[in-house]
1. Need the failing condition index for Ser107 against (1) surrounded by fewer than 22 Cβ atoms within 10 Å (Cβ to Cβ); (2) under 24 Å from Gly319 (Cβ atoms), just the number.
2. Does Gly178 satisfy the criteria of being in a loop (DSSP other than H, G, I, E, B), surrounded by 22 or more Cβ atoms within 10 Å (Cβ to Cβ) and either modelled with pLDDT of 95 or more or aromatic (Phe, Trp, Tyr) (or both)?
3. List the residue pairs whose Cβ atoms are under 7 Å apart, where the first residue sits in segment 175-190 and is within 20 Å of Ile115 (Cβ to Cβ) and in contact (Cβ under 8 Å) with a residue 12 or more places away in the chain, the second is assigned to a helix (DSSP H, G or I) and of a type in the set (S, T, N, Q), and the two are 6 or more positions apart or on different chains.
4. Any residue at all in segment 124-135 that's under 25 Å from Leu64 (Cα atoms), surrounded by 24 or more Cβ atoms within 10 Å (Cβ to Cβ), free of Cβ contacts under 8 Å to residues at least 60 places away in the same chain and in the same structural domain as Asp309 (by TED's automatic domain parsing)?
5. Looking at this structure, is Gly236 assigned to a strand (DSSP E or B) and either modelled with pLDDT of 95 or more or in the same structural domain as Phe58 (by TED's automatic domain parsing) (or both)?
6. Does any residue of segment 66-82 turn out to be surrounded by 23 or more Cβ atoms within 10 Å (Cβ to Cβ), assigned by TED's automatic domain parsing to the domain that holds Pro314 and not in a strand (DSSP E or B)?
7. Just give me the residues in segment 37-65 being touching a helix residue (DSSP H, G or I) at 6+ places or on another chain (Cβ under 8 Å), in a strand (DSSP E or B) and either surrounded by fewer than 18 Cβ atoms within 10 Å (Cβ to Cβ) or of a type in the set (Val, Ile, Thr) (or both), in sequence order.
8. Among the residues of segment 329-360 satisfying the criterion of being free of Cβ contacts under 8 Å to residues at least 40 places away in the same chain and surrounded by fewer than 18 Cβ atoms within 10 Å (Cβ to Cβ), which is nearest to Leu273 (Cα to Cα)?
Amino acid sequence: MFDLLIKNATLADAKTQVSIAIKDGKIVDVGPRVEGEALEAIDADGNLVTPPFIDPHFHMDATLSLGMPRLNESGTLLEGIALWGELKPHLTIEALKQRAHALAKWSIAKGTLAIRSHVDTSDESLMAVEALLEVKKEIAPWIDMQLVAFPQDGYFRSKGAVDNLARALDMGVDVVGGIPHFERTMADGAASVTALCEIAAERGLLVDMHCDETDDPMSRHIETLAYETKRLGLEGRVAGSHLTSMHSMDNYYVSKLLPLIAEAEITAIPNPLINITLQGRHDSYPKRRGMTRVKEMQEMGINVALGHDCVMDPWYSMGSHDMLEVAHMAVHVGQLTGVSQMKSMFKAVTENSAKVMHLEGYGLETGCNADMVILQAKDELEAIRLRPARLFVIRRGKVISKTEPVVAKVDLDGAVHEVTFQR
């Protein structure tokens, strides 16, 4: 007797009329003719069933804080950082947790069941670290969460940041972070990359660094990150987030840089929604796009995962934690409109992000965790185009969110037509 049996599913590899049998929180059978009784059955009606969406780059400590203490009137990265600095003295653990739990419900409703969140370690009290460590435990039945120790104000630039980061890791934070381009000098930035990678190697931790989030083509800390990754044997354990300076670099230098990133097995994590709004602010026309070279990275075999980064906080006033919205923006900004390219952006918010988070049991194969989303769409391209309803969100074999199919009823002189925008 299965706990749950999903019938008539379409999978991302274009397999149709697939059944997925679930028992004790695991997938026990996948195929066209799964036989057996089940306590509960769901007819997917030919809709796409996918592993959960994953956000590999987010800031849970700042989320839903829009307007606190004021709005970002310029819309710039630097004013956002200044705003966060103004807000920090007024933060409380209770308020941080309340906003994080509210966002987690949004995430579940959108089928986002794994999140890597950077948490600011610049504050001596480490209040945000304490709060999000508690949230991580509290939402664990529904969402896999990793925390990155993030010295927002600079590892060397901010007083006490070196000790604070070490304390955060001692408290149980999972990943070592950094922000080398925000240090006082390029030399300090490079030195911070070296120091932080050495900490990760010594502690056996992953690395995820805000790297070169700037329009300055001379901001080349990703080069140092690739070097240190190789030197310290951290291949496959390091991510470079943003990497927006690469959109301004000359092509010859990039032709040298991309092989170094590939050799070091570094994952690139662009954040299209945020990068496209924050970058190019000093440009008149033509304006730079603000996103790193996704197409070229993929052609080089570099793993590319997409992050949402922010939802209604000092840096970004919009968002609902919909990772398909992120993929949708990436397709447009990166001119990734070929069929295989669009499918690759779907992978960038699912399996590619699972790789960077080193998630175990992820996927829709026998033996995987029974975590999945049934979309009101027939394939990945339609999912990106429509950002459709998440009809069912399933965690460990239990339905934890439902949404009714979205259908418009158009009345033309008494003739009613149902419109779903599906072809």
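The values are calculated or read from the model by the stated rules, or taken from the named source; none is laboratory data. Small disclaimer: the values here were computed from a predicted structure and weren't measured. All Cβ positions, even for glycine, are placed from backbone atoms using ideal geometry, and neighbour counts span all protein chains on display.
1. With (1) surrounded by fewer than 22 Cβ atoms within 10 Å (Cβ to Cβ); (2) under 24 Å from Gly319 (Cβ atoms) applied to Ser107, the lone miss is (1).
2. On the way: in a loop (DSSP other than H, G, I, E, B): yes; surrounded by 22 or more Cβ atoms within 10 Å (Cβ to Cβ): yes; either modelled with pLDDT of 95 or more or aromatic (Phe, Trp, Tyr) (or both): yes.
So Gly178 fits the description; yes.
3. Listed pairs, sorted by first residue: Gly178/Ser192.
4. yes
5. Numbers: assigned to a strand (DSSP E or B): no; either modelled with pLDDT of 95 or more or in the same structural domain as Phe58 (by TED's automatic domain parsing) (or both): yes.
No: the conditions fail for Gly236.
6. Of the residues in segment 66-82, the ones surrounded by 23 or more Cβ atoms within 10 Å (Cβ to Cβ) are none.
No.
7. Just the residues of segment 37-65 that are touching a helix residue (DSSP H, G or I) at 6+ places or on another chain (Cβ under 8 Å), to begin with: 48, 50-51, 53-56, 60-65.
Among the residues that remain, those that are also in a strand (DSSP E or B) are: 48, 50, 53-56.
Scanning segment 37-65 gives Thr50, Ile54.
8. His332
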